[in-house]
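Structure first, commentary second.
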Amino acid sequence: MEEELLDLLYKQTRLVTECDLSDPLVQDNLLELSNQMQHKIINGR
């Protein structure tokens, strides 16, 4: 699970540093990655 969380964190960091945060698609992607990370932390999967 730790590797999966690190992968999600990497993807989030990459979006924040390389993309235009005013783009709604980027915002949606960040939100989805955040939700996935929360789900994995809460459910342990």
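What residue, among those in segment 28-44 that are in contact with a helix residue (DSSP H, G or I) (Cβ under 8 Å, 6 or more places away or on another chain) and of a type outside the set (Ser, Thr, Tyr), is surrounded by the most Cβ atoms within 10 Å (Cβ to Cβ)?
Per the criteria, the residue is 33.
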Worksheet entry | Candidates 25, 9 - the one that is surrounded by 11 or more Cβ atoms within 10 Å (Cβ to Cβ) and in a helix (DSSP H, G or I) | 9
Practice prompt. Would you check which residues across the chain are in contact with a Lys or Arg (Cβ under 8 Å, 6 or more places away or on another chain) and among the hydrophobic types (A, V, I, L, M, F, W, C) and list them?
Written response: 1, 5, 8, 33
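Any read-out appearing in this document is the output of simple, stated calculations on the displayed coordinates, not a laboratory observation. These numbers come from a predicted model, not from an experiment. Using ideal geometry, Cβ is built from the backbone for each residue, glycine included, and neighbour counts are taken over all protein chains shown.
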